Amino acid sequence: MARVEVLLPQWGMGMSEGTITTWLKSVGDTVTEDEPLAEVEAEKVEETLESPASGTLAEIVVPEGETVDVRTLIAYIETA
């Protein structure tokens, strides 16, 4: 088993932070690479964060409603 870090991506040059508005998956859910994981508000625009790997959503580090800087660790995915 390996743990893959899910980081908040930087979608635009001016983006410095984002707010997790909705987690689309729960801890323990199976996810596939590129599957939508969360909705993020950044620069007044809703973006969809996609899973960087296939596996199980093992831990959510940043809860809904919290604003964090880009490249902040927001979750872990465990891969087989």
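When Tyr76 is evaluated against the numbered criteria (1) in a strand (DSSP E or B); (2) open to solvent by 60 Å² or more (accessible area, probe 1.4 Å), which criterion, by number, is the only one it fails?
Unmet for Tyr76, out of (1) in a strand (DSSP E or B); (2) open to solvent by 60 Å² or more (accessible area, probe 1.4 Å): (2).
Quickly run through the range 31-52 and pick out the residues that are open to solvent by less than 40 Å² (accessible area, probe 1.4 Å), closer than 15 Å to Thr79 by Cβ and touching an Asp or Glu at 6+ places or on another chain (Cβ under 6 Å).
Selection gives Ser51 alone.
Being on the phi > 0 side of the Ramachandran plot and open to solvent by less than 30 Å² (accessible area, probe 1.4 Å) narrows it down to one residue among Gly65, Gly28, Gly18, Gly55; which is it?
Details: Gly65 fails: open to solvent by less than 30 Å² (accessible area, probe 1.4 Å); Gly28 fails: open to solvent by less than 30 Å² (accessible area, probe 1.4 Å); Gly18 fails: on the phi > 0 side of the Ramachandran plot.
Result of the check over Gly65, Gly28, Gly18, Gly55: Gly55.
Arg71 - would you say it is assigned to a loop (DSSP other than H, G, I, E, B), of a type in the set (Lys, Arg), touching a residue at least 12 places away in the same chain (Cβ under 8 Å) and open to solvent by 50 Å² or more (accessible area, probe 1.4 Å)?
For Arg71, the condition - assigned to a loop (DSSP other than H, G, I, E, B), of a type in the set (Lys, Arg), touching a residue at least 12 places away in the same chain (Cβ under 8 Å) and open to solvent by 50 Å² or more (accessible area, probe 1.4 Å) - is met.
The values are calculated or read from the model by the stated rules, or taken from the named source; none is laboratory data. Everything numeric in this text was worked out from a predicted model, so none of it was measured. FYI the Cβ positions are ideal-geometry reconstructions off the backbone, even for glycines, and counts take in every protein chain you see. Areas reflect the complete protein model, heavy atoms only, side chains present, ligands, DNA and RNA absent. Shrake-Rupley method; radii C 1.70, N 1.55, O 1.52, S 1.80 Å.
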